[in-house]
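Right, one structure below, let's go through it.
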Amino acid sequence: MSVVLDAVTVEADGPSGPAVLLDAVSCELAAPTTAVIGENGSGKSTLTKAVAGLVRPASGTITVDGVPTVGHAKRLRRSVGFVFSNPGAQAIMPTVREDVALSLRGLGLGRAEAAARVDAALAEHGLTELAERACQTLSSGQMQRLALCSVLVRRPRLVIADEPTSLLDARHRRIIADRLLAPAAPQVLLVTHDMDLAARCEEAILVKDGRLHARGRPECVIAAYEETLA
Ligand SMILES: Nc1ncnc2c1ncn2[C@@H]1O[C@H](COP(=O)(O)OP(=O)(O)OP(=O)(O)O)[C@@H](O)[C@H]1O
């Protein structure tokens, strides 16, 4: 899918008038995997939330495969999945299985097909044994795997994941990274502070002070990031 940002500015109320969180960002993101890197507070989450239609630009436009993100939330939800950086906020159903199953509502699947898809997704994310557990009893890392599972089970064409491996142990970090970056996986827009993970993407962008500071091969963008930190 082609994600096109054209002069996107995002503002929020600040103590002395509107604060600019994103400042006239323009780019096209069409690589199978794109890493979004940058310092804390640089605007990475704001940018990805705007692409998912969760944040409304003050000016400029964003289109996903030609569909504007503003005013097309329902259509966007069919093809774009968003994994939040605080996974606890994402689980809404009492049990793990119910939470994953809820994601399939509205897709028109038969009961047996939906149940099979939920079982397969739970197994892929190492959650089978936790299927009947109350979501709120999961550890942070288990909750993060549930958040990703609940998004991927819908088979979105574009997955936007905000630091999806930040709470995982080394084994699960590798499993989830391999899954997200697999050739047959959906297109991925990945916010991360893990430079090894960023380096495995096809492309990277560097956000600095709400602006697009660099874009290109991950190794070049990571080098540009390191220069800004020097
Ligand atoms: N609703 C809001 N109101 C005011 N300021 C906001 C709001 N949302 C975000 N900000 C500010 O905008 C800036 C960018 O935030 P954002 O969450 O996009 O950063 P980030 O690059 O994802 O950071 P991190 O790496 O820490 O997750 C930060 O200074 C943040 O405090």
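No lab work stands behind these numbers, since they all come straight from the coordinates. The shown structure was predicted, so the numbers you read here are calculated from the model rather than taken from an experiment. Here Cβ is always computed from backbone atoms with ideal geometry, including for glycine, and neighbour counts include all displayed protein chains.
Summary table below
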{"item": "Relative contact order, percent, the range 1-119 [alpha-carbon distance under 8 Å, six or more residues apart]", "result": "23"}
{"item": "Low-density loop positions, trypsin sites (Lys or Arg not before Pro), the range 82-160 - DSSP coil, at most 16 other Cβ in 10 Å", "result": "ARG105, ARG133, ARG157"}
{"item": "Stretchable slack from ASP209 to ALA112, in nm (0.36 nm times residue separation minus alpha-carbon distance)", "result": "30.0 nm"}
{"item": "Viscosity 0.692 mPa s, temperature 37 °C, Stokes-Einstein D of the range 162-230 from Kirkwood C-alpha radius, µm²/s", "result": "256"}
{"item": "Relative contact order, percent, the range 101-161 [alpha-carbon distance under 8 Å, six or more residues apart]", "result": "42"}
{"item": "Listed residues PRO156, VAL83, LEU181: farthest to the positive end of the dipole of the chain (Cβ charges)", "result": "PRO156"}
{"item": "Spin-label model distance (nm) - ALA73 vs ALA58, 7 Å beyond Cα toward Cβ", "result": "2.2"}
{"item": "Rounded to 5, the percent of DSSP beta bridges in the chain classed as antiparallel", "result": "55"}
{"item": "Descending semi-axes in Å of the range 1-68, equivalent ellipsoid built from Cα gyration tensor", "result": "21, 14, 9"}
{"item": "Relative contact order (percent, whole number), the range 3-229, Cα cutoff 8 Å, 6+ residue spacing", "result": "27"}
{"item": "Cα pair distances in the chain, grouped into 10 Å bins until the bin that holds the longest one, percent each", "result": "8, 32, 35, 20, 5, 0"}
